[in-house]
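Engineer: Quick one: the structure is below, questions incoming.
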Amino acid sequence: MEKVLQVEVIARKLEIKNGANKGKSFIGFKAITVGGKLIDCSFTQAVTNQPKEEGRYILSVAADKMNIDKNSLFPKLWIQEVKSFVSKPPQSKVDDTIVSMFKESLPF
């Protein structure tokens, strides 16, 4: 039985600033590790069902269908096959110190 992992990724639309492809845009990905660190994430050409818009996603990926490239300055996660993905709803974090500074209900 294959082991399927849940990989959380952030997708952002980026634009090429210079060179022959100046002005063209693409979607860049960062994977979030268990410790909360970001790692570069790329998909092989065989993957056709990766997210196509900006946002946060949870990808279901078989453990044997991804690997880490450590040959460059920063490691990169390569994904060879995506079983499925779902969009992760945005979260807003409320600081308790701010809540304690103000009244919750208005006096009028």
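Each value in this text was obtained by applying a stated rule to the coordinates, not by laboratory testing. In this text, all values refer to a predicted model and were calculated from it rather than measured experimentally. Note that we place each Cβ from the backbone using ideal geometry, even for glycine, and neighbour counts take in every protein chain shown.
Engineer: Quick one: net charge of residue 25's neighbours, Cβ under 13 Å, K/R +1, D/E -1?
Structural biologist: On the way: positive: 12, 13, 17, 22, 24, 52; negative: 15, 53, 54.
Its environment carries a net charge of +3.
Engineer: Further question: Under a point spin-label approximation (7 Å from Cα along Cα-to-Cβ), what is the residue 33-residue 21 distance to one decimal in nm?
Structural biologist: Between residue 33 and residue 21, the simple spin-label model gives 2.7 nm.
Engineer: Over the chain, what per residue volume does the convex hull of the Cα atoms give, in whole Å³?
Structural biologist: About 218 Å³ per residue, rounded to a whole number.
Engineer: For the chain, what does -39500 (n - 2.57) per DSSP helix run (n ≥ 4), summed and divided by total residues, give at 222 nm, in deg cm²/dmol to the nearest 500?
Structural biologist: -1500 deg cm²/dmol
Engineer: Taking Cα pairs under 8 Å and at least six residues apart, what relative contact order does the chain come out at, in percent? Kindly include the intermediate steps, with their values, before the conclusion.
Structural biologist: Values: 192 pairs, mean separation 28.3, N = 108.
This gives 26 percent for the chain.
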